[in-house]
1. Please figure out what share of the DSSP beta bridges in the stretch 74-208 is antiparallel and state it in percent, rounded to the nearest 5.
2. For Tyr53, Tyr118, Tyr107, which order do you get if you count the other beta carbons within 10 Å of each Cβ and list the fewest first?
3. How long are the semi-axes of the equivalent ellipsoid of the chain, defined as square roots of 5 times the Cα gyration tensor eigenvalues? Whole Å, largest first.
4. Based on alpha-carbon atoms only, what is the radius of gyration of the stretch 93-252 relative to the globular estimate 2.2 N^0.38 Å?
5. Starting from the Cα of Arg84, step 7 Å along the direction of its Cβ; do the same at Glu125; then give the gap between the two resulting points in nm.
6. Starting from the 7 Å offset along Cα-to-Cβ, what nm value, one decimal, do you get for the label separation of Leu167 and Gln196?
7. Taking other Cβ within 10 Å of each residue's Cβ, how do Phe98, Phe169 sort, fewest first?
8. Among Glu134, Glu97, Glu243, what is the fewest-to-most ranking by other Cβ atoms within 10 Å?
Amino acid sequence: MFDYHVHTTQSADCSTPILASCAAAVERGLSEIAFTDHIEHEPADMSYGFFNYDTYMANLQHARSVFGDRLVILAGAEVDFNRRIASEVRDFVEAHEFDFVIGSVHYGEEGQIIFPEYFDTRDLEDVFVPYYEEIRAAVETGLFDTIGHIDLPKRYAPGAAGAYDPLRFEDELTSIFELMIRQEMSFEINTSGIRQAPRTSMPGPQIVSLYARLGGRLVTVGSDSHVPDTIGAGFPQTLRMLELCGIDSVSSFRRRQRSQVPVVSLL
Ligand SMILES: [Zn+2]
Ligand SMILES: [Zn+2]
């Protein structure tokens with residue numbers, strides 16, 4: 001199994017040393033792990049200016065020297081994206097070498113983070129429609145290998161916002177997926193949703209099925225772990241879900257080059 005979304009001490013919201021996560025990955029039988037710290041260009045965010053590439057790479061090299069014979073350790077990044085910070089994001093991604101880069105949208109209008117308070121003055125439509133515009137813009141940049149947690153707002157939507165129907169935004173998702181398929185860009189099945197409020201991966205099976213019906217086949221799988229206990233969490237059921245939805249392989253990356261690994265060999 002591969003876990004392609006794990007944070008380290010180079011993320012402001014994570015205090016887990018890289019070696020502890022590598023040990024947990026080996027113990028759980030994972031063969032590959034991508035460390036994807038927050039790269040933040042939104043000035044208000046706690047992670048703004050926190051990441052240090054040289055420290056991160058030194059930590060990664062040390063982890064490879066300890067665990068490299070048992071675990072493939074990839075240099076990854078979770079780069080926050082929205083159109084306000086697009087040029088800074090481009091400059092960063094083009095100037096730094098990684099194996100694998102996730103593009104994630106965490107901010108909505110006027111630089112407000114999409115947390116529960118964001119829904120105080122907005123209904124689901126007001127949140128998801130502009131959110132998907134930013135996701136689409138992220139795909140258009142061509143800067144990323146995969147798009148992170150593409151229905152993230154469901155994680156923070158309060159019950160009062162009403163029932164979340166994943167296919168209510170089918171038109172927006174269809175246009176995003178058609179573009180992703182043309183650009184051969186993956187998106188991520190983020191399993192943190194299974195252990196958090198939505199109790200389903202981000203995205204879940206309805207959206208994955210829509211993508212498969214449109215002819216898409218490229219997905220990555222990540223736990224979004226900030227602690228060692230959750231590395232690889234929810235993977236067996238997620239791989240089974242992918243199979244049921246008609247996705248028979250998972251994407252793997254080395255130096256930004258993709259290859260496909262059959263789901264059956266990971267199960
Ligand atoms: Zn994220
Ligand atoms: Zn993350």
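1. Of all bridge pairs located within the stretch 74-208, approximately 20 percent are antiparallel.
2. On the way: Tyr53 17, Tyr118 20, Tyr107 23.
Fewest to most other Cβ atoms nearby, the residues stand as Tyr53, Tyr118, Tyr107.
3. Numbers: eigenvalues 139, 95, 63 Å².
After scaling each eigenvalue by five and taking roots: 26, 22, 18 Å.
4. Working: Rg = 15.1 Å, N = 160, 2.2 N^0.38 = 15.1 Å.
Against the compact-globule rule of thumb, the ratio is 1.00.
5. It works out to 2.5 nm between the two label points.
6. A separation of 2.6 nm, rounded to one decimal place.
7. Numbers: Phe98 23, Phe169 19.
Ascending Cβ contact count within 10 Å gives the list Phe169, Phe98.
8. Glu97, Glu243, Glu134
Rule-based calculations on the coordinates, nothing more; no lab input. Computed from a predicted structure; not experimentally measured. Note that each Cβ is placed from the backbone with ideal geometry, even for glycine, and that neighbours are counted across all protein chains shown.
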